[in-house]
Every structure is written in C-alpha cells, then in structure tokens.
1. Hey, which lysines would be in cross-link range of LYS168, C-alpha to C-alpha under 17 Å, not counting anything within fewer than 8 residues on its own chain?
2. Amide H to amide H, which residues 5 or more places from TRP323 or on other chains are under 5 Å from it, using H placed in the peptide plane?
3. Excluding ARG505 itself, calculate the net charge of residues whose Cβ lies under 9 Å from the Cβ of ARG505, where each Lys or Arg counts +1 and each Asp or Glu counts -1.
4. Which percent of the accessible heavy-atom area of the chain goes to carbon and sulfur, probe 1.4 angstrom?
5. Keeping every protein chain present and rolling a 1.4 Å probe, give me the accessible area per residue for the stretch 1-139 in Å².
6. I'd like the distance between the alpha-carbon centres of the stretch 220-260 and the stretch 40-104, rounded to an integer number of Å.
7. Show the residues, 5+ positions off or on another chain, whose built amide H is closer than 5 Å to the amide H of VAL259.
8. What shape does the stretch 85-168 have by the C-alpha gyration tensor, where a ≥ b ≥ c are the square roots of the eigenvalues, rounded means a/c under 1.5, and otherwise prolate means a/b greater than b/c and oblate the rest?
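The values are calculated or read from the model by the stated rules, or taken from the named source; none is laboratory data. What you see is a predicted model; the values in this text were computed from it and never measured. Counting neighbours? That spans all protein chains shown, and the Cβs are built from the backbone with ideal geometry, glycine included. Remember, those area values only see protein heavy atoms, side chains included, never the ligands or the DNA or RNA. Shrake-Rupley method; radii C 1.70, N 1.55, O 1.52, S 1.80 Å.
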Amino acid sequence: MTSPLPTDLADRARTWMAEDPDEVTRAELAAVLEAAEQGDTAAAADLADRFDGTLEFGTAGLRGALGAGPNRMNRVVVLRAAAGLAAYLRANGAGNEDSVVIGYDARRNSDVFARDTAEVVTGAGLKALLLPRPLPTPLLAYAIRELGCVAGVMVTASHNPPEDNGYKVYLGDGSQIVPPADSGIAAEIDRVGALADVPRGGPGRVLDDSVVDRYLDTVSALADDGPRDLRIVYTPLHGVGGVPVRQVLETAGFDEPSVVEAQEEPDGAFPTVAFPNPEEPGAMDLALELAVRVGADLVVANDPDADRCAAAVPVPGSASPSWRMLRGDEVGALLAAHLLSRGAEGVFACSIVSSSLLGKIAAAAGQPHAETLTGFKWIGRLEGLAYGYEEALGYCVDPSSVRDKDGVSALLMLCELAAALKAESRTLLDALDDLARTHGLHATDQLSVRVADLAVIRDAMARLRASPPAELGGLAVLEATDLALGTPELPPTDGLRYRLADGARVIVRPSGTEPKIKCYLEVVVPVEAGAEDGVAAARIVATQRLDALKQGVREAAGL
C-alpha cells in the first residue's frame with residue numbers, strides 16, 4: 001500500500017531515531033513509522049502529532065506526555081533543554097565554580113532525565129549536584145539557596161496523569177523562572193545543533209543526606225510549642241512525600257499518622273487513582289475511608305511531588321461518619337490567620353484566581369496584601385513576602401527558606417493549627433466560621449473543563465472576548481478586564497476577569513500545564529450579626545449563587 005506519509009515527515013522521524021540515545025523510544029518511533037508507512041491512518045496521525053512542533057519551553061519549563069518525537073517528553077528533548085539552560089547560564093556569567101542542583105520525583109524516566117541533565121551541565125563546564133533520591137520539589141527549591149547554586153532543575157510533572165513528565169527550572173534566587181529568562185533559555189535551546197555535538201561530561205556529584213536533613217529540620221522547627229493531640233490520616237498519593245512528612249511530624253512531636261498503605265510507596269504508575277491530584281474526584285477516597293475506620297481528626301495529603309497539600313475534616317452532627325474536603329482558599333485563609341496569630345509580618349500574597357478573603361485578613365492585621373498572576377513563580381519572588389498561597393492547594397509558609405509552594409511545611413502548620421483548636425474543643429470548621437463572621441462568607445468554586453481539542457479553549461476565550469457578558473448568574477458585571485492587555489499591577493496573561501455585583505468575581509483562563517479551561521468563581525455573603533445560624537444561612541445563599549454563576553459562565557463561554 002502506498003505510504004500516506006509526507007516524505008519529509010518520514011525523513012524527520014528517521015533523523016530523530018538516528019540521534020535518540022534511548023533504545024525504548026527509538027523502538028517506539030520505529031514501530032509507529034512502520035505502521036504509518038503501511039497505511040495505518042491512526043499511526044500516521046500519531047506520527048504527525050509527535051512532530052507537530054516541539055514542546056514549548058516556558059515559565060513552567062517543559063511538561064508533556066512521555067514518548068518519542070519533539071512534541072513529547074524524552075531524552076532528546078531533555079538533553080536539548082539542558083544544553084540550552086547551560087548555555088544561558090554561561091552567557092549570563094556562570095563560571096566553572098558555579099553549580100546547578102538537580103532533583104527528580106518518582107515518575108517514569110525522572111531519574112534518567114536528571115542524570116542526562118547532570119552530564120550536560122558538567123559538559124558545559126559547570127558543576128552538577130544531584131539530590132540523592134526521588135524527593136519533594138520544595139526540597140530542591142530549598143537546596144538552591146542553601147547550597148549557593150546558580151540554578152536548579154526539578155524533573156517532575158507534579159500532579160499530571162502518569163503518562164506525563166516535566167522539567168522545571170529555577171534560578172539562583174530559588175524562584176521559578178519568569179520572563180525574560182524563559183525566552184532566553186528557549187532561544188538557547190533553539191540554537192542547539194546536532195545532539196552528538198552537545199558536550200557530555202561526568203555524572204556530577206550525588207549529594208548525601210545532609211541537605212535533606214537540613215531541610216527537614218528547618219521545616220520541623222516551624223512548629224511552635226503547643227498541643228500535639230491529633231489523630232492524623234495521611235496519603236502521599238504514590239508520591240515522594242511519605243518519608244519526609246512522617247519525619248517532620250515526628251520531629252515536631254506529633255504521633256505517627258495513619259498512612260494509606262496502598263498509596264504509601266512512590267509509584268509513577270499511580271495505580272489507585274485516575275489522576276494523582278487530590279483535587280480530582282476519587283483521589284482521596286482511600287484516605288477518607290481510612291479516616292472513618294480510625295476515627296481521625298484530620299486527613300492530609302500531598303500531590304506526587306509534595307509541593308501541594310490537601311486536607312479534609314469530619315462534618316459534625318452527621319448521622320454517619322462524613323468528611324468534606326477543604327477548598328484551597330479555605331486552607332489558604334486558615335494558614336494566613338494562623339501565621340498572623342503567631343506574629344508573622346510582611347506581605348501576604350495570593351494569585352488573582354484565589355479568594356479576596358486573604359486581603360481582608362491581612363488588612364485587619366495591619367499587613368500589606370498583594371495579588372500576582374497565577375503561579376508561584378510570581379508569588380515567590382515578591383519582596384518582603386511573609387506568606388503566599390494559590391487556590392490550587394499551593395502554600396508558602398516559610399519564604400525565607402523556600403520561595404515556592406511547599407506541601408510539607410504547609411501540612412505541618414495545618415496540623416499545628418488543628419491540634420491547637422482541638423485542645424479548645426474546636427475544629428478547623430469553627431475557625432472558618434469565625435473568619436466568615438468577621439469578614440463575610442467568601443465561597444469559591446471552579447468550573448474546570450478538560451478538552452481533547454485545544455481549539456475548544458481558544459473558541460471559548462474568543463467568544464467571551466467578542467461578546468462580553470452583561471451579567472453572569474443573575475449578577476451584573478460591573479467591570480470586565482482582558483488580562484491579555486496587562487494592567488498597571490499585572491503583566492499580560494491570557495485571561496479574563498469580571499467583577500460582579502455584591503463582591504462576586506469570575507476569572508476565566510486556560511490552564512498553563514494541562515488541556516483545561518478553568519473558570520474561578522467567588523461570591524461574598526454577609527453573615528447576620530448575632531444570628532445563631534448566621535454562617536449556615538449565608539452558606540446556603542452562597543451555594544445557590546455559585547451554582548447560578550457556574551451555569552452562567554458555562555453558557556457565556558459555550559462550554
């Protein structure tokens with residue numbers, strides 16, 4: 001049968017295979033090419049997609065599905081990225097005595113990509129330091145400044161599906177890269193020629209556990225003296241948080257948590273969950289089942305690279321044991337209030353898609369508040385930062401040590417708060433009710449749509465820009481801002497922000513790391529002073545408003 005392939009596509013595939021050092025991806029691509037040349041239209045489409053451009057290097061570094069071809073995560077793409085990063089560092093003054101520290105999680109090929117990066121870094125005349133085993137992303141961020149490195153690389157796809165991997169880059173300040181560093185590194189990657197011409201040096205130096213121990217001691221020391229009576233259930237969701245979290249809790253004086261056995265060990269296949277993200281439906285089911293069995297006070301979880309922290313609490317008064325997940329904005333507010341009660345001073349910051357409640361909590365304590373674009377690459381570099389969070393379960397409680405979200409230290413602070421409240425016969429839900437009485441009930445929700453075709457996202461954003469809604473969910477739109485144009489406070493980003501009547505807010509944006517369009521919703525409902533059930537009544541109103549708002553956004557965006 002005549003090959004349906006364009007000749008140049010087949011030639012590009014053969015050229016790729018000739019320089020690919022990985023026999024697995026070489027064989028994978030050879031099989032796809034052979035099937036495509038024999039007339040298999042699905043294989044031809046697969047091959048075309050693998051060579052439809054290259055994985056774009058941006059502020060999130062690289063992230064994509066594992067596989068052969070320039071539009072996938074593989075050793076060729078990683079070697080080129082490492083060469084581009086090394087060239088960028090040399091061009092910006094890094095010398096032979098400067099070091100790059102490299103970490104990796106437990107996903108498939110993470111250790112391979114880390115070793116390849118080390119060889120390219122040493123080949124470029126820099127020193128490469130590798131963390132001793134799969135470890136949390138915040139530990140890598142800590143190590144950059146602790147060891148005086150000019151940059152850090154973390155091989156991780158965080159909470160993405162198991163078929164993905166990624167490559168995050170930090171510079172010497174311990175923060176993730178922002179423009180123009182991303183475009184500068186991308187330009188150097190584009191200039192990398194034949195892979196055979198990329199110098200490869202030695203394996204670098206594998207660090208001992210001393211930097212790991214210093215990080216864990218630093219986190220443990222965050223906990224003040226106080227109550228420690230708390231029955232904890234924990235899951236690392238098949239990730240790297242298990243050992244570090246247990247060690248931190250023990251050092252801080254907590255009893256050993258009950259750990260979900262089926263999810264305890266690092267496993268990049270994530271066999272018990274569809275998506276290894278504690279926000280996804282079903283991901284926390286095993287932990288919640290364990291919590292019922294052991295009568296836990298608190299369930300806590302990390303995502304696979306332990307830079308995020310999730311929590312669930314028992315619902316009082318239920319006929320049968322019932323638990324509810326805390327939203328990221330709820331945990332964000334609780335941690336902020338807790339740190340302020342301990343005397344924290346400085347900027348309290350969150351992303352623009354997070355709740356406006358943080359600004360009110362900070363103002364009431366006489367502390368400044370700032371909003372940034374989504375991502376800790378923006379939050380972590382704020383001058384004078386005391387605390388930062390984003391609603392996607394990311395919290396920075398100790399920016400003097402880690403200028404990134406840290407699920408280990410956030411988990412410890414949440415346990416400390418829960419134990420202190422338990423000693424007063426109160427719960428995290430009681431603390432949330434106190435915040436609602438003081439500042440109004442701030443309720444948030446999200447409409448998140450995963451798509452198979454990215455054109456759906458482009459069409460939705462275009463539709464909203466072409467026909468701006470006058471109202472959403474029965475609330476008048478008071479102000480519409482196209483964030484792509486930038487604002488006096490924010491650089492341009494692809495997003496739309498709507499300020500609505502009664503303090504409500506909607507932000508619509510494409511996800512930066514997944515094929516999703518995300519719509520962030522917030523309503524604010526005053527709590528009637530003195531009313532015994534004032535918070536409960538406000539919550540009912542808020543739920544109704546959020547439901548209407550979600551439907552209104554879905555209709556306006558055509559989702």
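1. LYS377, LYS405
2. HN-HN under 5 Å from TRP323: VAL315.
3. Once positives and negatives cancel, what remains is +1.
4. 50 percent
5. 39 Å²
6. So the separation of the two Cα centres works out to 36 Å.
7. TYR234
8. Details: a/c = 2.15, a/b = 1.69, b/c = 1.27.
Verdict is prolate for the stretch 85-168.
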